[in-house]
Every structure is written in C-alpha cells, then in structure tokens.
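Undergrad: Can you read through this structure? Questions will come right after.
The values are calculated or read from the model by the stated rules, or taken from the named source; none is laboratory data. Because the structure is a prediction, the values reported are computed rather than measured. Glycine gets a Cβ as well: all are built from the backbone with ideal geometry, and neighbour counts include every protein chain shown. These accessible areas exclude ligands, DNA and RNA; they are computed on the full protein's heavy atoms, side chains included. Shrake-Rupley method; radii C 1.70, N 1.55, O 1.52, S 1.80 Å.
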Amino acid sequence: MLLTITTTCAPATDLGYLLHKHPDRLQSFAVSTGEAHVFYPEATPERCTAALLLEVDPVALVRGRGHGHGHGHKQVDTELARYVNDRPYAASSMLTVAIKEAFRTALTGRCDARPELAAARIPLAIAVPALRCRGGPRLAHRVFGPLGWSVEAAPQPFEPPEWGDSPYLDLRLTGEVRLADALNHLYVLLPVLDDAKHYWVSTEEVDKLVRAGGDWLASHPEKEFVTRRYLSHQRKLTQSALARLAEADDIDPDELDNAVTDETPETPETPETPDATETPEATEAPEVTTAQPPRAKPLAALRRETVLAVLRTEGARRIGDFGCGEGTLVRDLLADSRVELALAVDVSVRALQLAARTLSLDRMSGPQRDRLKIFQSSLLYRDDRLAGLDAAVLMEVIEHVDPGRLAALEQAVFGFAAPGTVLVTTPNAEYNACFESLPAGAMRHRDHRFEWTRAEFGGWAARVAAGFGYQVRFAPIGPEHPAHGPPTQLAVFTRPATP
C-alpha cells in the first residue's frame with residue numbers, strides 16, 4: 001500500500017526537514033505487519049514528493065493473529081480468505097501504524113531546523129491510490145472536506161467492468177495545511193473510511209484519538225461518526241472519547257497544560273470489554289500494566305490553590321475568572337462563603353457550556369445562583385460587565401493570545417475593567433527542560449502563542465503595572481528547580497492604597 005505527499009512550497013526539498021527524512025536516502029522500518037519504506041520519487045527545489053510504501057507479509061500476519069476475527073469487516077470463514085485478501089494492497093489501519101512509525105516526530109509538528117515552516121500552512125497534495133472506503137466517494141468528501149481539503153475520490157471499477165464499481169477509491173487531497181495536521185488527519189481518518197482495524201481496540205485507542213484529533217475533531221461536523229468508526233463501534237469507548245473531545249475543545253487552559261506538567265502518570269484504566277455486538281481483533285493482546293504509585297497533586301490544582309490563597313489574602317469578595325474554561329476555579333470560589341460574587345467569563349460558548357455542567361447550573365439553589373454571573377465576553381474588547389470587581393484572575397490565559405493583541409487585552413483588563421487586584425499565571429518556559437515528554441524547544445500546548453521565561457514575564461508585568469497604575473509582585477507555583485525555577489509563574493497586580 002502506498003501514500004505520497006507532495007509540496008511545491010519553495011524550496012520544496014524542505015519537506016525532508018519537516019518529515020525528518022533525507023530526500024537522498026531510502027529509509028526502511030520494521031512494523032508489526034511487515035516493512036515500511038520512505039523514499040522520494042522526485043526532489044527538486046520546485047516540487048518534492050515523499051512516498052511511504054508499506055509491504056505487508058500476509059502469511060506472517062495470519063500466523064500472528066491466530067484465528068481471531070477483527071472489528072469492521074465480516075471475515076469469510078475459510079482458510080483461503082485468511083491468506084488471499086486486500087490487506088497487503090489497500091490502505092488501512094496498517095498504513096496508519098506505518099505513518100506513526102515513519103513520521104513520529106512530524107506528527108507532533110516539531111522541526112528544529114525549520115520551526116517557522118512546521119508551523120505554517122503549505123501547499124500539499126496527498127495521494128492514496130488504493131483505499132477501501134465503506135461509504136464511497138461521498139464519505140471521503142464528508143470527512144476530509146470540512147478540514148479544508150479539496151477532495152477527489154475516484155471509485156475503482158471491478159474487472160470485468162459490468163460488475164460495477166469496487167469499494168476502493170483513488171483518493172487525492174489538495175490544500176494549504178500544516179504538515180503535522182495533514183498527517184494527523186490521515187492517521188485518524190484512513191481507518192475510519194476503511195471501517196476496520198487490524199489490532200485490538202481498547203481504551204488506549206481513546207487516548208490516541210484525542211491526541212491526534214484534539215485540535216480539529218471536536219469541531220468537525222462528523223465527529224460522532226468519525227469517533228464511532230475509529231473506535232470500532234464500541235459504545236463505551238465512543239462515549240468516553242466524545243466526552244474527552246468536548247473537554248479538550250476550549251477547556252480551561254490550565255487543564256490542557258496539565259497534560260504535560262503532571263510529574264506522575266495516571267494509573268492506566270483497565271481495557272473495557274467490547275460490546276456484545278462487537279467482535280474484537282486478536283492480533284495484539286492488551287499490555288499488562290502494574291499498579292502505579294499515588295498520583296502527585298496536579299499542577300492545575302496547585303495553581304488554583306495558590307490563586308485562592310492570594311485572593312483570600314487580598315480580601316477580595318467580588319471576583320472574576322477571565323477565561324474560566326470549564327469553571328473549576330469558579331466552583332471553588334462559590335464554595336467560599338466570603339465570596340459575594342463570582343464572574344465566569346469566556347470567549348468560547350463551548351467553554352461556558354462545560355462550566356455550566358461543572359457548576360451544576362441547572363440544579364443550583366437560588367441564593368447560590370444569585371452569587372454567580374456567567375456570560376460570554378472577549379478580553380480584547382471593552383465590556384462594562386467586567387468593571388467593579390475586587391479582583392480578576394487570568395489563569396493560563398495570556399499565552400493563548402497573539403503577541404500583537406496583548407496590548408488590547410492589557411487595555412481591556414487593566415485599563416477599562418480595572419479591578420483592584422489582577423492575578424496572572426503563565427508557564428515558565430525555562431522549566432520546560434524538566435519535562436521529559438516535551439521535545440526541546442516545544443511549547444506545552446499547540447495553542448500557545450508564546451511561553452515566557454521569568455525575565456520576559458517580569459519585564460511584561462513591570463511595564464503593564466507602570467502603565468496602568470498598579471504595583472506588582474511575583475510568586476512561584478509548583479516545585480522549583482534550582483536552575484529553571486517553578487513550572488508556573490504568578491504575577492499579582494495591586495493598586496496602591498489611596499491615602
């Protein structure tokens with residue numbers, strides 16, 4: 001089975017940097033189903049094409065899988081069908097495994113040699129000449145079209161032609177897309193179109209789906225369909241994935257950051273038993289995991305605790321959570337009887353829906369509801385509803401704002417809303433070196449527009465304080481490294497007492 005990726009972004013041979021594969025070399029990789037090869041049929045400054053060829057060993061595949069049947073395809077119960085089938089030729093989940101093995105770093109969007117190019121949309125043309133699609137050309141358009149691709153999906157006729165069209169497509173995608181996004185689209189959607197996986201589908205697949213699709217699947221019009229097929233129609237796994245995708249879509253940024261800043265991993269879930277109507281693949285048994293030690297307190301929780309302590313010290317009673325996300329901090333504020341008013345504000349409607357669920361808004365008592373205001377607003381524009389507060393909290397918010405628009409945020413928050421106290425937390429870029437799972441030079445989340453060192457954050461905070469009549473002090477959050485400092489940095493802006 002074959003996949004080709006072509007670009008005309010000059011110099012086109014920079015595709016080799018993005019894929020971390022040199023155009024002058026043939027590279028081969030052993031995968032569970034055979035051997036994958038990466039090579040370049042053409043490589044000129046004007047046009048460059050990378051090809052991924054997967055050679056499947058059907059005999060070894062059968063020997064490895066025993067007599068188990070797989071999700072998606074109804075296997076013909078004959079010995080011959082186990083050896084003679086389309087698996088070595090038609091793109092499937094086997095190809096996505098090869099994509100992950102061959103382009104592991106490219107999938108993350110990391111390219112130290114060409115970081116600007118890795119972050120940019122570039123002209124791409126992707127070809128999958130043989131793809132089994134259970135749904136035909138229309139389905140290919142439904143799943144790839146909303147992602148910005150121009151889709152050509154030509155059905156391949158049977159031989160003899162009077163038999164009509166086969167279930168196989170010649171798929172061609174063109175568009176201006178980040179290469180990492182393109183690879184993740186393929187990683188998720190190729191097995192969705194095929195509607196089958198060649199390996200055991202367990203809770204681990206939910207994690208893979210959220211990692212690969214978290215930035216785009218939550219807003220995809222076919223997300224339920226894609227999720228159901230990717231997880232082999234297993235109801236419990238599908239429900240779990242949809243819930244996590246909803247949380248990943250505009251969730252409180254501190255929770256997103258926590259995915260890489262928790263020092264101790266969670267205890268793995270026990271793989272769920274598939275629905276009775278499903279027949280699990282048996283090519284790969286689930287990994288056996290041992291019990292993990294108690295989980296360290298998440299950095300997100302440490303942030304909230306620190307923020308709440310500062311708010312109590314400042315005596316704030318009317319508090320706004322600007323960029324409330326899923327509403328966890330607001331929930332803690334309402335639990336404190338000294339807080340007279342809590343404002344939950346976010347630019348995202350999805351975030352406010354999640355916050356309403358976190359706060360059990362539909363079951364909240366009258367007196368409690370009177371202490372809460374929840375509404376949509378942007379911190380880049382003046383909003384009179386944000387005025388008159390004792391304190392405002394921007395917890396892991398500013399790094400999600402384009403640097404060129406920070407001045408608008410500063411004016412809206414410190415100038416127009418002008419609360420007595422403003423708390424701002426943001427990642428400490430120096431501490432990123434302490435995260436083994438974070439590649440060098442990478443940021444903690446794809447949506448971060450920047451991450452500041454302590455000196456950079458201190459310079460910004462000092463300038464803002466001087467410009468809007470505040471005083472500022474700083475505090476660490478989380479375990480401090482002797483050289484790199486804390487994982488999160490906090491600035492507390494206060495107005496000087498009036499004589």
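Undergrad: How large is the accessible surface of Ser365 in square angstrom, using a 1.4 angstrom probe and rounding to the nearest 10?
TA: The value for Ser365 is about 60 Å².
Undergrad: So what does Leu406 come to for accessible area, using a 1.4 Å probe and Å² rounded to 10?
TA: Only protein atoms counted, so the area is about 10 Å².
Undergrad: Next question, about the same structure. From the protein chains alone at 1.4 Å, what is the descending order of accessible area for Trp216, Trp163, largest first?
TA: Numbers: Trp216 25, Trp163 170 Å².
Most to least solvent-accessible, the answer reads Trp163, Trp216.
Undergrad: Relative to the compact-globule scaling 2.2 N^0.38 Å, provide the ratio for the alpha-carbon radius of gyration of segment 341-385. Can you show the working numbers first?
TA: Working: Rg = 11.2 Å, N = 45, 2.2 N^0.38 = 9.3 Å.
The value comes to 1.20.
Undergrad: Once segment 328-482 is represented by equal point scatterers at the alpha-carbon sites, with solvent omitted, what log10 I(q)/I(0) does the Debye formula produce at q = 0.20 Å⁻¹?
TA: -1.39
Undergrad: Starting at the first residue of segment 7-17, write each ³J(HN,Hα) from the Karplus equation 6.51 cos²θ - 1.76 cosθ + 1.60 with θ = phi - 60°, in whole Hz, x for Gly and Pro.
TA: 9, 10, 6, 6, x, 4, 5, 5, 4, x, 5
Undergrad: Apply the a/c threshold of 1.5 to the C-alpha gyration tensor of segment 143-253 and tell me whether it is rounded, prolate or oblate. Before the final figure, lay out each step's value.
TA: Values: a/c = 2.64, a/b = 1.52, b/c = 1.73.
Note, shape of segment 143-253 comes out oblate.
Undergrad: Let me ask another. Take the Cα gyration tensor of segment 409-484, multiply each eigenvalue by 5, square-root it, and list the three semi-axes largest first, rounded to whole angstrom.
TA: Working: eigenvalues 147, 41, 20 Å².
Semi-axis lengths for segment 409-484 are 27, 14, 10 Å.
Undergrad: If you don't mind, another one. Report the net charge of residues surrounding Thr426, where surrounding means a beta-carbon distance below 9 angstrom and charges are Lys +1, Arg +1, Asp -1, Glu -1. Don't jump to the answer; show the numbers that get you there.
TA: Working: positive: none; negative: Glu396, Glu399, Glu451.
Residues close to Thr426 contribute a combined charge of -3.
Undergrad: Right, here's the next one. Where the eigenvalues come from the Cα gyration tensor of segment 292-356, what are the semi-axes √(5λ) of the equivalent ellipsoid, largest first, in whole Å? Show your work: numbers first, answer last.
TA: Values: eigenvalues 88, 68, 17 Å².
Three semi-axes, in Å: 21, 18, 9.
Undergrad: ³J(HN,Hα) across segment 380-391 via Karplus (A = 6.51, B = -1.76, C = 1.60, θ = phi - 60°), whole Hz, x for Gly/Pro?
TA: Values, residue by residue: 9, 9, 5, 9, 4, 5, 8, 7, x, 9, 6, 8 Hz.
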